[in-house]
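First the structure, in the form of structure tokens, and then the observations on it.
The values are calculated or read from the model by the stated rules, or taken from the named source; none is laboratory data. What you are looking at is a predicted structure, and each value in this text was computed from that prediction instead of being measured. Reconstructed Cβ throughout: ideal geometry from the backbone, glycine too, with neighbour counts over all protein chains shown. Ligands, DNA and RNA are stripped out before the accessible areas are found, and what is left, the full protein with its side chains, is counted by its heavy atoms. Shrake-Rupley method; radii C 1.70, N 1.55, O 1.52, S 1.80 Å.
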Amino acid sequence: MTYRYTVEILHLLVSPAHAYFGRAKDGAADVSTEDRDRAEVVAGKGIVGDRFFGKAAHMDAAVTFMAVESLEAIAAGLEVPQFDPLLARRNVVLRGAQLAPLIGGEFAVESHGEQVRFRGGRHAHPCVWMDRMLAPGAHAAMRGRGGLRCQPLSSGVLHRGPAVLLSPVELRPEEAGAAVKPRPGRLP
């Protein structure tokens with residue numbers, strides 16, 4: 001059975017280089033970041049032009065998804081103004097998508113008549129940079145809400161705007177911003 005959920009692709013972030021590395025006190029690197037209307041996805045490689053495209057270490061996690069409701073909940077919990085969703089550096093920012101149940105399964109996103117399939121890999125854990133880039137306390141508040149790292153299984157184009165998420169498991173869109181306890185990893 002396939003469940004269909006109406007979602008909205010709000011942002012498609014593509015950046016050729018890492019902005020958050022080294023010491024946060026030194027500030028982010030000055031790298032170009034594009035919020036595109038469309039992003040070309042290549043099976044097994046990622047988003048064309050992105051920093052993770054074709055990198056062996058990221059093949060199973062080349063595309064990151066995030067629910068904007070998570071950022072909204074974090075800002076509300078920290079009692080700060082809403083964040084610029086692009087500062088979290090996730091490739092695909094959606095509204096209306098509960099992502100955690102997709103870990104380990106295949107799902108698809110349809111936009112403008114095109115479908116791109118993904119395998120949900122693992123939680124996209126936040127880095128300590130979030131305290132500097134979003135607000136003090138954002139790093140801890142983002143745990144369990146950092147999004148989903150995915151492997152692209154088919155090639156195609158994602159488009160900003162209305163979309164449909166096709167899921168093999170039932171999702172609860174009203175819980176898109178809720179924190180989840182990440183599954184334990186293999187490392188201690």
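Tabulated values for the structure
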| quantity | calculated |
| --- | --- |
| Check on L165, touching a Phe, Trp or Tyr at 6+ places or on another chain (Cβ under 6 Å), in a strand (DSSP E or B) and at pLDDT 95 or above | yes |
| Condition met for Q151 (more than 11 Å from the chain's Cα centre (by Cα) and either assigned to a helix (DSSP H, G or I) or closer than 17 Å to I47 by Cα (or both)) | yes |
| Residue list for segment 103-131, restricted to those being among the aliphatic types (A, V, I, L, M) and at pLDDT 95 or above | A108, V109, V116 |
| Elements of type strands (runs of 3 or more DSSP E) contained in segment 38-132, each with 1 or more residues being basic (K, R) and open to solvent by 20 Å² or more (accessible area, probe 1.4 Å) | 38-42, 92-95, 114-123 |
| E8 modelled with pLDDT of 90 or more, assigned to a strand (DSSP E or B) and of a type outside the set (V, I, T) | yes |
| Index of the failed condition, A140 passing every other in (1) without any contact (Cβ under 8 Å) to a residue 40 or more places away in the chain; (2) open to solvent by less than 10 Å² (accessible area, probe 1.4 Å); (3) part of a helix (DSSP H, G or I) | (2) |
| Residues that are basic (K, R) and under 14 Å from A97 (Cα atoms), drawn from segment 158-183 | R172 |
